[in-house]
Amino acid sequence: MSGLPLRLSCKEAHRLVSEELDRALPLGERLRVRMHLLACGSCTHFKQQMQFLRSAMRRLGE
Amino acid sequence: MQDTALNQALGQLRPTLLKIARLQLRNDTWAEDVVSETLIAALEGAQDFAGTSQLKTWVVGILKHKIIDQFRRTSREVSVEAAVEAAEAESYEELFQANGHFANPVPAWGNPESALGEAQFLQILQACVDKLPASLGRIFMMREWLEQDTDEICKELGITPTNCFVMLYRARMRLRECLQLNWFGEALGT
């Protein structure tokens, strides 16, 4: 297992939200992130912003 | 497209291509080289350009491949820089308290999609990317603009996947903050 605590801190959740854009997270990590996001507005906003950043980057240089 | 017309159109694109290449490679000589290679490839492949996409989109597509080739040639130099960068202390750590929770909440960005249509927003995004430390900017652009796989990026930069994820994370944190300060913060009236 990932060695992560069941309840993630925002810092851990942020790191995993970013990492999810770069690799498929193992199931355990994915569920931890999802659980955290259900309860945390800041990290939910962060995730939306990361997805937005990705779509915005695709527009550069067009 | 006629040869002369193509020549002319490519000539007009050159400054744009050069600007993109400089931002990516941060080395004028390499940038000149990849742009020259791109223009030659475009001239050679002119019959493949069926006019189905815009000329600029097609040529920028070629440029991306040439930039990736250049990364491969220079991966050694890049990886040294990347290692130095990874060791750098991070100011965004201040965002978090000792227990890993936020010192300040992350605000929502309202309707960010509407910003995508605005030229000024894209300029600010570009400026934020340019402000990243060189190696973070490079890896971020490899991932998000050249759309390379992380496996491929790690291999080219000679860094571990963990290091790769950490650098991408740091780049995204900085960009988020930069956009918050220079675009979305204003919209929120703060």
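None of the figures in this text is laboratory data; all of them are computed from the coordinates on show. A quick note: this is a predicted structure, and the numbers were derived from the prediction, not measured.
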Self-check item: Hz values of 3J(HN,Hα) by residue in region A:41-57 - Karplus curve (6.51, -1.76, 1.60), Gly and Pro given as x
Solution: x, 4, 6, 5, 4, 4, 4, 4, 5, 5, 5, 5, 4, 4, 5, 5, 5
Practice problem: Kindly identify region A:10-57 as rounded, prolate or oblate by the Cα gyration tensor criterion: order the square roots of the eigenvalues as a ≥ b ≥ c, call it rounded if a/c is under 1.5, otherwise compare a/b with b/c, prolate if a/b is larger, else oblate. | Solution: oblate
Practice problem: Would you pull out the residues with amide H under 5 Å of residue B:148's amide H, same chain only if 5 or more places away, H placed 1.01 Å from N? | Solution: B:143
Quiz item: Relative to the present Cα-Cα distance, how much length would full extension add between residue B:177 and residue B:130 at 0.36 nm per residue of separation?
Solution: 15.5 nm
Practice problem: Give A:11/B:19; B:56/B:155; A:11/B:131 a once-over and call out the pairs whose C-alpha atoms are over 32 Å from each other. | Solution: A:11/B:19
Quiz item: Add -39500 (n - 2.57) for each DSSP H run of 4 or more in chain A, then divide by its residues: what number comes out at 222 nm, to the nearest 500 deg cm²/dmol?
Solution: -20500 deg cm²/dmol
Exercise. Calculate, in nm to one decimal, what residue A:27 and residue A:4 gain on full extension: separation in residues at 0.36 nm each, minus their alpha carbon distance.
Key: 7.0 nm
Exercise. Tell me which residues come under 5 Å, amide H to amide H, from residue B:102 once H is placed; ignore anything under 5 positions away on its chain.
Key: A:10, B:97
